[in-house]
Amino acid sequence: MILATAATALALASPLAGKTVAIDPGHNGANYLHTAQIDRLVNAGGFMKACDTTGTETDDGYTEAAYNLDVALRLAKILRADGARVVLTRTTNTGWGPCIDERAAIGNRAHADAAISIHADGGPATGRGFHVIYRRSRALALAIRDAFAVGTGEPYADYVGHDGLDLRTDLGGLNLSTVPKVFIETGNMRNSLDARRLESSAYRQREAAALARGLLDFLR
Ligand SMILES: [Zn+2]
């Protein structure tokens, strides 16, 4: 056949049409001002855990909360351009929360086909690299890991996990998710080399493109 059908043309232009992705930018910019609220214990999937934490920051004072949201908004823009419906757990960096249980619930209520929680780590200054944290969603974890490594050139974390992966059962955001979900710790904000990359808007755009690629690989 020479002529592409309308459906084929649509699939090429909108490869994620009909798919829903939940994006969770970890923490929030004003969490540190609301310690009573974010220290409150919530159900984390069979045990209780704090509603949220403040997150980390680079030595220059670039906060993880601001970073996470920036990458999340870049990713959302790419996915929407590809035809996906995107739900975000927060869209500003000026408030506190939502709590980890609500972050999972947002993806569940949206019946997301995939969900990703975006973080950067506060590891030892001597360690660098990224890792994907998963519990049940190993296929999504592998798709995100492979696409992120290729798209950014960032190495696998050398201080945590194995081969860029870390299986964890202590994260409420994963335990409470009824949809495929992973966390990514995109780099170590306490490492000077990683921090320089994470502070670059051009690099954050590369990260978003790589994450979009991984989601596309998983969803189609
Ligand atoms: Zn974090």
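3J(HN,Hα) along segment 147-157, derived from phi through the Karplus expression 6.51 cos²θ - 1.76 cosθ + 1.60 where θ = phi - 60°, amounts to 5, 5, 4, 5, x, 10, x, 5, x, 5, 4 Hz, with x in place of Gly and Pro. Amide hydrogen proximity for LEU165: with H placed 1.01 Å from N in the peptide plane, the residues at 5 or more positions away or on another chain lying under 5 Å are VAL132. Summarising the overall dimensions of the chain from its C-alpha atoms, the Rg and Dmax are 17.1, 64 angstrom. Helical content of the chain, expressed as a calculated mean residue ellipticity at 222 nm, amounts to -11500 deg cm²/dmol (DSSP H runs of 4 or more residues, -39,500 (n - 2.57) each, divided by residue number, nearest 500). In the chain, the longest principal axis of the Cα atoms and the axis of helix 100-109 are about 20 degrees apart.
With K and R counted +1 and D and E -1, the other residues having a Cβ less than 12 Å from that of ARG80 yield a net charge of +3.
Solvent-accessible surface of the chain, taken per residue with a 1.4 Å probe and all protein chains present: 45 Å².
Rounded, prolate or oblate for segment 80-202? Axes are the square roots of the Cα gyration tensor eigenvalues, ordered a ≥ b ≥ c, and the cut-off for rounded is a/c under 1.5. Intermediate results must be reported in sequence, preceding the final value.
On the way: a/c = 1.55, a/b = 1.42, b/c = 1.09.
Prolate shape, in that a/c is at least 1.5 and a/b is the bigger ratio.
For segment 14-219, the share of accessible area belonging to carbon and sulfur comes to 52 percent (1.4 Å probe, ligands and nucleic acids excluded).
In degrees, nearest 10, range 0 to 90: what is the angle between the Cα axis of helix 64-81 and the longest Cα principal axis of the chain? Result, in degrees: 10.
The values are calculated or read from the model by the stated rules, or taken from the named source; none is laboratory data. Keep in mind the model is a prediction, meaning the values are calculated, not measured. Here the Cβ is made from the backbone with ideal geometry for all residues, glycine too, and neighbour counts use every protein chain on show. Quick note on the areas: whole protein, heavy atoms, side chains included, nothing else; ligands and nucleic acids left out. Shrake-Rupley method; radii C 1.70, N 1.55, O 1.52, S 1.80 Å.
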